[in-house]
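Just so it is clear, none of the values below were taken in a lab; they were calculated from the coordinates. In this text, all values refer to a predicted model and were calculated from it rather than measured experimentally. Every residue, glycine as well, gets a Cβ built from its backbone with ideal geometry; the counts of neighbours run over all protein chains shown.
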Amino acid sequence: MNILILTSHLNIGGIPRYVINLAKFLKRKGDNVYVGSRGGFWEEVLLKEGLELLRLPLNTKSILSPKIIRAFSLIGEFLRTHKIDIIHANTRVTQFLAYLVYKKKKIPYISTFHGCYRPHIFRRLFKFEGLKAIAISNYVGRHLVEKLKIDKGKIRLIYNGIDIKDYQDKDVECWVNKLKEKIKGYPLLGVVSRLTPEKNIASLIRMMPLLLEEFPQAKLVILGEGRQELYLRKLVKELNLDKRVFFLKKIPSLAVFRILDIFVSLSRGEPFGLSVIEAQLAGLVSIVCNSGAFPEIVEDKFNGIILEKESPQALIEAINLVLKNPKFREELIRNAQRKIIELFSIEIMGENTYNLYKEVLSK
């Protein structure tokens, strides 16, 4: 099968990680896979896997941008020398782009919806969801039906998957040693995320003064980039937490996981929670809020902890429960890793997606 996967960019984030993982799996399966994107920080990861990048001018969020017409033209040139059976779009602009190609070239396309979107009338009238739409969680699937009015029969639930091999014997010791020298404390709490309002990292920072009353040596490690970075750094200064909260960038997440004691996410309306299962696979207990798709990933006190209330006291109780009960902690980790193998592996995601491609092409 010849597959063109479209995404706006390949910078650090959930969608590029999904695209790279899916493309890796499909190539290993023996398919011809091409990725259309403007490129980005993770571009070299794609190239190392032997995958071909079709560079497109997709640095826009508007489907009315002239860049879409230029990208459409470049895809047309690409199709003169490459046979493509199906297109898989992953962002709003690439969904529209795939729609244009479908109308002009009759190449079928599907879309993956990676989050919940404002249901304004233009989006509901012009969905560009493709012949089939993948929802990365039941939470996202309900949103597509209830808010965007997408036909339920078009939607398939396919959970995100991670490459388990990436978390086995990967050499990050150099990074780990540097981080251990720089950041010392107990417990070390951490979050790996885009620094955006919906990730709710500000609430976690605001909880730190009360957490320090219970855990005087605690530190918070934040790995990520985003438009809230300056605001969050300012908040840390205002709360006199300069020596308690550490911001990191462009460091392998696995290295960060290996120095942490507990992973925490208070993200609101999280569409999936890829960093949560990555932390679990790396051997960390995840504490999450009761929001979005988290209850689909974390079963309270079975493979992690769900906070019923977003409060410092609730978080303190959860941390104590994990740290003071080593056997319980190990049980949470074992259950989490078993669930990842059963539900959230790259193989399961890839096979389910490949089967959807075949279903679309058979019709």
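Quick one, can you get me the convex hull of the C-alpha atoms of the chain expressed as volume per residue in Å³?
Roughly 137 Å³ of hull volume per residue.
Counting other C-beta atoms within 10 Å, which of Thr353, Thr81, Thr196 has the fewest, and how do the rest follow? Numbers along the way, then the final one.
Working: Thr353 21, Thr81 6, Thr196 15.
The fewest-first ordering by Cβ neighbours comes to Thr81, Thr196, Thr353.
Over the chain, what is the percentage of antiparallel beta bridges among all DSSP beta bridges, to the nearest 5? Let's see the in-between values first.
Values: 1 of 43 bridges.
Antiparallel bridges make up about 0 percent of those DSSP assigns within the chain.
Determine the dipole magnitude for the range 165-343: charges of +1 sit on the beta-carbon of Lys and Arg, -1 on that of Asp and Glu, nothing else is charged, the reference point is the Cα centre, and the result goes in debye to the nearest 20.
600
Ranking Cys289, Cys174 by Cβ neighbours within 10 Å, fewest first, what do you get?
Cys174, Cys289
What size of dipole, in debye to the nearest 20, comes out for the chain about its Cα centre when the only charges are +1 on Lys and Arg C-beta atoms and -1 on Asp and Glu C-beta atoms? Display every interim value, and only then the final one.
On the way: 59 positive and 38 negative charges, 294 e Å.
Charge dipole, the chain, about its Cα centre: 1420 debye, nearest 20.
Straight-line reach from Lys29: which aspartates and glutamates have Cα under 12 Å away, leaving out those fewer than 8 places along the same chain?
Glu347, Glu351
Can you report the principal axis dimensions of the range 170-303 using only the alpha carbons, biggest first, rounded to whole angstrom?
35, 35, 31
I need to check one value: relative contact order of the range 39-147, counting alpha carbon pairs closer than 8 Å and at least 6 residues apart, in percent.
Details: 109 pairs, mean separation 20.8, N = 109.
Reported relative contact order: 19 percent.
Computed FRET efficiency, Cβ-Cβ of Asn177 and Phe41, R0 30 Å: what is it to the nearest 0.05? Intermediate values should be presented prior to the final figure.
On the way: r = 24 Å, r/R0 = 0.79.
E between Asn177 and Phe41, to the nearest 0.05, is 0.80.
For Cα pairs less than 8 Å apart in space and 6+ apart in sequence, what is the mean separation divided by the residue count of the chain, i.e. the relative contact order in percent?
Across the chain, relative contact order equals 14 percent.
Going through the cross-link list Lys61/Lys165; Lys178/Lys243; Lys219/Lys327; Lys27/Lys249; Lys48/Lys152; Lys83/Lys132, which pairs have a Cα-Cα distance over 28 Å in this structure?
Cα-Cα > 28 Å for Lys61/Lys165; Lys27/Lys249; Lys48/Lys152; rest within.
Cα-Cα over 32 Å: which of Lys250/Lys358; Lys24/Lys127; Lys105/Lys149; Lys184/Lys309?
Among Lys250/Lys358; Lys24/Lys127; Lys105/Lys149; Lys184/Lys309, the Cα-Cα distance tops 32 Å for Lys250/Lys358.
For helix 92-105, report the angle its Cα long axis makes with the longest principal axis of the Cα atoms of the chain; keep it between 0 and 90° and round to the nearest 10°.
So the inclination is approximately 20 degrees.
Please give the charge dipole size of the range 239-363, origin at the Cα centre, charges +1 on K and R Cβ atoms and -1 on D and E Cβ atoms. Round to the nearest 20 debye.
Charge dipole of the range 239-363: 380 debye, to the nearest 20.
Taking DSSP loops as anything outside H, G, I, E and B, show the longest stretch in the chain free of chymotrypsin sites (Phe, Trp or Tyr not before Pro) there with at most 16 other beta carbons within 10 Å. Kindly include the intermediate steps, with their values, before the conclusion.
Working: sites that count: Phe41, Tyr117, Phe126, Phe302.
Here the longest run is 127-301.
Could you please report the charge total around Asp85, scoring K, R as +1 and D, E as -1 over all other residues with beta-carbon less than 11 angstrom from its beta-carbon? Before the final figure, lay out each step's value.
Details: positive: Lys83, Lys358; negative: Asp31.
For residues surrounding Asp85, the net value is +1.
May I ask you to sort Glu342, Glu129, Glu347 by Cβ crowding, counting other Cβ atoms within 10 Å and putting the fewest first? Spell out each step's value before the answer.
Values: Glu342 9, Glu129 22, Glu347 14.
If I rank by nearby Cβ atoms, fewest first, I get Glu342, Glu347, Glu129.
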